[in-house]
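The values are calculated or read from the model by the stated rules, or taken from the named source; none is laboratory data. These numbers come from a predicted model, not from an experiment. All Cβ positions, glycine included, derive from the backbone under ideal geometry; neighbour counts span all protein chains shown. Side chains included, ligands, DNA and RNA excluded: accessible areas come from the protein's heavy atoms. Shrake-Rupley method; radii C 1.70, N 1.55, O 1.52, S 1.80 Å.
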Amino acid sequence: MKVFSANQVQKDMSEIIQILASGGVLVCPSDTTYGLLVDATNEKAVEKLIKLKERPRGKPISIFVDGWEMMEQYVDISKLTPE
């Protein structure tokens, strides 16, 4: 396991991207807890995440998206309330 310090993340970004692209799992601290990060478009990485978290099949998993269009690719928005 490799540890990336917070002040070095920008410098190590290409290596971090490579880890995610190859199906790896990253542990990311936040102000209150730690999150496990994988490439949500990589089925094997998501399977690895489900196993690590011992998460029941079918239970939703949070994902980050870069905008509304990407969200529509992965999320059923038909039941969202319009503004």
Which of Val3, Asn42, Met70 sits closest to the plus end of the dipole of the chain, meaning its Cα is farthest towards the positive end, when Lys and Arg get +1 and Asp and Glu get -1 on the C-beta? Val3
Can you work out ³J(HN,Hα) from phi for every residue in the range 20-29, in order, using Karplus 6.51 cos²θ - 1.76 cosθ + 1.60 and θ = phi - 60°, giving whole Hz and x for Gly and Pro? 5, 5, 8, x, x, 10, 10, 9, 10, x
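Do any GluC sites (Glu not before Pro) in the range 1-79 lie in a loop, going by DSSP, with at most 14 other beta-carbon atoms within 10 Å of their beta carbon, and if so which?
Passing sites in the range 1-79 are Glu54.
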On the full set of protein chains, 1.4 Å probe, figure out the accessible area of Asp31 and give it in Å² to the nearest 10. 140
Find, to one decimal place in angstroms, the Kirkwood hydrodynamic radius of the chain, where the mean of 1/r is taken over every pair of different Cα atoms and then inverted. 14.7
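Give the calculated FRET efficiency between Ile77 and Val27 to the nearest 0.05, with a Förster radius of 41 Å applied to their Cβ-Cβ distance. Intermediate results must be reported in sequence, preceding the final value.
Working: r = 30 Å, r/R0 = 0.73.
Efficiency, from the Cβ-Cβ distance: 0.85.
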Per residue of the range 45-56, what does 6.51 cos²θ - 1.76 cosθ + 1.60 with θ = phi - 60° give for ³J(HN,Hα)? Whole Hz please, x for Gly and Pro, Karplus curve as stated. 5, 5, 4, 4, 4, 4, 5, 4, 7, 6, 8, x
